[in-house]
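Every number here is computed from the coordinates shown, using simple stated rules; none is lab data. The model shown is predicted, which means the values in this text are computed figures rather than measured ones. Note: ideal-geometry Cβ built from the backbone for every residue, glycine included; neighbour counts use all protein chains shown.
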Amino acid sequence: MLREWLHPLSVTQFRSQWLGKRAWAKAGAARKETKLCGWESVDGLLREASAADVLVVARGRLLGVPAPRNLDELKGLLARGIGLCVRHVERHDPILAALGASVGRHLDGKSVHVQIFVTPGGTHGFGWHYDPEHVFIVQTLGIKDYYFRDNTVEARSRPAHTPDFSQIRGEGSPLQTARLIAGDCLYIPARWWHMARCLEDSLSISLGAPEDAT
């Protein structure tokens, strides 16, 4: 799958020139994957996933709100400007698990975990943060503006180190942006700062690969 997203760039070229070094985006590269994550599939995931794997978020904060267990409950949250992150989706959806495995095969066979983000229009979920892994994002519904920049202040944190996301205030690297619509994809290197804002209700698939896949 990664080979199709990158074309005409080869996986070898991507690994040598982009992976772990700079962000990459391509319009329309993942059109086929839009059918993998719609409202019906989100409803199924909420019914199957453990409540502990459903994070309820709004405007940069985790909320102490019970996780919705179906689409109707989710719509009630969206109407209040509240969204979700559903973790470990590969445990509950064999098709999305296969998507993660397909990406992992091009990254030294590394295990790739899959998350689904549901974000209401006019809001954002998590604030500025970074992940200790490479992140591939596929937008499947709606319009979402992503902001990202290299991490020069926290980039060398040890895996066990608790990240201090407030360090973004001292970051001086150039700010980059990408607007994703359904079918677009984006790669953000491990430990790069990023956040996103939605223009309209949005669904996206996030695939995380270990940093040592570089």
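Could you please tell me the mean projected area of the C-alpha convex hull for the stretch 108-182, averaged over all directions and given in square nanometres to one decimal? Before the final figure, lay out each step's value.
Values: hull surface 26.2 nm².
Orientation-averaged projected area of the Cα hull: 6.5 nm².
Pairs of alpha-carbon atoms within less than 8 angstrom and 6+ residues apart define the contacts here; what relative contact order does the stretch 1-79 have, in percent? Mind dumping the intermediate values first?
Details: 38 pairs, mean separation 17.1, N = 79.
So the answer I get is 22 percent.
Can you tell me the relative contact order of the chain? Whole percent, Cα pairs under 8 Å, sequence separation 6 or more.
On the way: 476 pairs, mean separation 63.1, N = 214.
The normalised contact order for the chain reaches 29 percent.
Using just the helices of the chain, give the 222 nm mean residue ellipticity in deg cm²/dmol: DSSP H runs with n ≥ 4 each add -39,500 (n - 2.57), and the total is spread over all residues, rounded to 500.
Details: 5 runs with 42 residues, N = 214.
Computed mean residue ellipticity for the chain: -5500 deg cm²/dmol.
Under a GNM of the chain (C-alpha, springs under 10 Å), which listed residue has the highest mean-square fluctuation: ARG169, ARG91, ARG59?
Result: ARG169 has the largest fluctuation of those listed.
For the stretch 31-70, give the magnitude of the charge dipole about the Cα centre (Cβ charges: +1 Lys/Arg, -1 Asp/Glu; no others), in debye to the nearest 20. Intermediate values should be presented prior to the final figure.
Values: 7 positive and 5 negative charges, 41 e Å.
Taking the Cα centre of the stretch 31-70 as origin, the dipole is about 200 debye.
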